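Asks: Let me give you the structure first, and then I'll get to my questions.
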Amino acid sequence: MKKQLYLIYALLLALLFPAVSNGQSSGKEKMRVISYNIWNGFEKDASRRENFIKWVKGQQPDILAMTELVGFTEKDLGELAAQYGHPYYAIVKEEGYPVGVTSNEPITVIKKQVEGFWHGMLHVKTHGLDIIVTHLSPHDWKFRLKEAGMLTKYIQDNQLDNCMVMGDFNSYSPFDADWVETHTQLIENMQKWDAEQETYRNMRDGRFDYSVLSKLLSTGLTDVCRMYVPADKRTTFPAAFLYGWQHGDTRLRGIGERLDYILVSPSLVSRCIHAAIHNGIEAEGISDHYPVSVDLRNSK
């Protein structure tokens, strides 16, 4: 009888306090990572913030990277993260356009770098992975290319073999060229913007630039989303919400871009089991960008 009671007690303990190994819950088969540009820190809009929390809870990410944490302190980020169940968090700075990351497992901050970057670069370790979050220049392809060079050098110098690089890159992937080159309204909009600037250029001699993503991909980083998401479904910007349009408005077809990415190092590719760009109606009304996710098989 005592032995039976002991076994029942042990089973209850196992259910209440699952074993953890290498920072990963033993009962979970996969890990979800999400990158989300939250548009000027929700612009103090309580309904957008609540919709974001509700959406994140539904996705149950293990790691969540955010860009445009405008107006957020590290304490503010912690309070937001607690509302969707993440007790661990880090932010690169507390002014301008910070990037940050939250996790349901402990975070070790490896490096916070603002110098040389338009908005900054944050490198943390969590779940046994090196997570790099950044937000590249929104205005100049040459500056973005310099940032990409700094990122690739940092990854190579530090031999980051289990690495994920994510955020708003404000750049086009060569894998999207056949799709994005058909967006004539976007091309006209970008050319007009460049013509009005004295210094900055988003386009390269009036054409889309693919050098930034090419630089990152040339080091072996893999664009997981292009393996799972058809080219014509890869829009991460703009959301219909930006213009006050309804989701699915046909005008979006001529201006859609993919600016948000999650790239993984070669050793992680075999662990990737799914990727998605959440540009359906469920994410409408939260931001001017749509979020990106990657699912990894948990390592044994």
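The values are calculated or read from the model by the stated rules, or taken from the named source; none is laboratory data. Nothing here was measured: the structure is a model prediction, and the numbers come from that model. Cβ coordinates were reconstructed from backbone atoms using ideal geometry, including for glycine residues, and neighbour counts include every protein chain displayed.
Asks: Considering only region 70-100, state which residues are under 18 Å from Lys54 (Cα atoms) and either touching a Leu at 6+ places or on another chain (Cβ under 7 Å) or hydrophobic (A, V, I, L, M, F, W, C) (or both).
Replies: Passing the criteria: Leu77, Leu80, Ala81, Ala82, His86.
Asks: Continuing with this model, one more query. Report yes if some residue within region 138-161 is surrounded by fewer than 16 Cβ atoms within 10 Å (Cβ to Cβ) and in contact with a strand residue (DSSP E or B) (Cβ under 6 Å, 6 or more places away or on another chain); otherwise report no.
Replies: no
Asks: What residue, of Gly167, Gly100, Gly85, is part of a strand (DSSP E or B), on the phi > 0 side of the Ramachandran plot, touching a residue at least 24 places away in the same chain (Cβ under 8 Å) and of a type outside the set (Lys, Arg)?
Replies: So the residue among Gly167, Gly100, Gly85 that is part of a strand (DSSP E or B), on the phi > 0 side of the Ramachandran plot, touching a residue at least 24 places away in the same chain (Cβ under 8 Å) and of a type outside the set (Lys, Arg) is Gly167.
Asks: Something else now. Mind listing whichever residues of region 58-90 are among the acidic types (Asp, Glu) and either in contact with a Gly (Cβ under 8 Å, 6 or more places away or on another chain) or more than 21 Å from Glu282 (Cα to Cα) (or both)?
Replies: Glu68, Glu74, Asp76, Glu79
Asks: Got a sec? Which of Lys57, Lys93 is basic (Lys, Arg), assigned to a loop (DSSP other than H, G, I, E, B) and in contact (Cβ under 8 Å) with a residue 24 or more places away in the chain?
Replies: Selected residue: Lys93, the only one of Lys57, Lys93 that is basic (Lys, Arg), assigned to a loop (DSSP other than H, G, I, E, B) and in contact (Cβ under 8 Å) with a residue 24 or more places away in the chain.
Asks: Tell me yes or no: at least one residue of region 175-195 is out of contact with any helix residue (DSSP H, G or I) (no Cβ under 6 Å at 6 or more places or on another chain), within 23 Å of Ala231 (Cα to Cα) and in a strand (DSSP E or B).
Replies: no
Asks: Here are the criteria: (1) farther than 18 Å from Asn37 by Cβ; (2) within 18 Å of the chain's Cα centre (by Cα); (3) not in a helix (DSSP H, G or I). Tell me which single one Asp161 does not satisfy.
Replies: Asp161 satisfies every listed condition except (2).
Asks: In addition: Tell me which residues, restricted to region 233-255, are β-branched (Val, Ile, Thr) and without any contact (Cβ under 8 Å) to a residue 40 or more places away in the chain.
Replies: The answer is Thr250, and nothing else.
Asks: Assigned to a strand (DSSP E or B), surrounded by 22 or more Cβ atoms within 10 Å (Cβ to Cβ) and either without any contact (Cβ under 8 Å) to a residue 24 or more places away in the chain or not hydroxyl-bearing (Ser, Thr, Tyr) (or both) - does that describe any residue in region 105-117?
Replies: Checked against the condition, which is being assigned to a strand (DSSP E or B), surrounded by 22 or more Cβ atoms within 10 Å (Cβ to Cβ) and either without any contact (Cβ under 8 Å) to a residue 24 or more places away in the chain or not hydroxyl-bearing (Ser, Thr, Tyr) (or both), region 105-117 yields no hits at all.
Asks: Asp249 fails exactly one of the following numbered conditions: (1) of a type outside the set (Phe, Trp, Tyr); (2) over 17 Å from Glu147 (Cα atoms); (3) surrounded by 14 or more Cβ atoms within 10 Å (Cβ to Cβ); (4) out of contact with any strand residue (DSSP E or B) (no Cβ under 8 Å at 6 or more places or on another chain). What is the number of that condition?
Replies: Every condition holds for Asp249 apart from (3).
Asks: With Leu268, Leu252 as the choices, which residue is within 14 Å of Met164 (Cβ to Cβ), among the aliphatic types (A, V, I, L, M) and not in a strand (DSSP E or B)?
Replies: Leu268
Asks: Which one of these does Val124 not meet: (1) over 15 Å from the mean Cα position of the chain (by Cα); (2) over 16 Å from Tyr261 (Cα atoms)?
Replies: Every listed condition holds for Val124 apart from (1).
Asks: Would you confirm, using the coordinates I've provided, whether Gly78 is modelled with pLDDT of 95 or more, loosely packed, with under 13 Cβ neighbours inside 10 Å and part of a helix (DSSP H, G or I)?
Replies: No, not satisfied.
Asks: What pairs come up if the first residue lies in region 221-232 and is closer than 13 Å to Pro174 by Cβ, the second is part of a loop (DSSP other than H, G, I, E, B) and of a type in the set (Lys, Arg), and their beta carbons are under 8 Å apart, counting only those six or more places apart or on different chains?
Replies: Sorted first by the residue in region 221-232, then by its partner, the pairs are Arg226/Arg234.
Asks: I've got another one for you. Being more than 14 Å from Asn104 (Cα to Cα) and at pLDDT 95 or above, is that true of even one residue in region 6-16?
Replies: No, region 6-16 contains no residue that is more than 14 Å from Asn104 (Cα to Cα) and at pLDDT 95 or above.
Asks: Checking Ile53 against (1) out of contact with any helix residue (DSSP H, G or I) (no Cβ under 6 Å at 6 or more places or on another chain); (2) of a type in the set (A, V, I, L, M); (3) more than 21 Å from Glu29 (Cα to Cα), only one condition comes out false. Which one?
Replies: (1)
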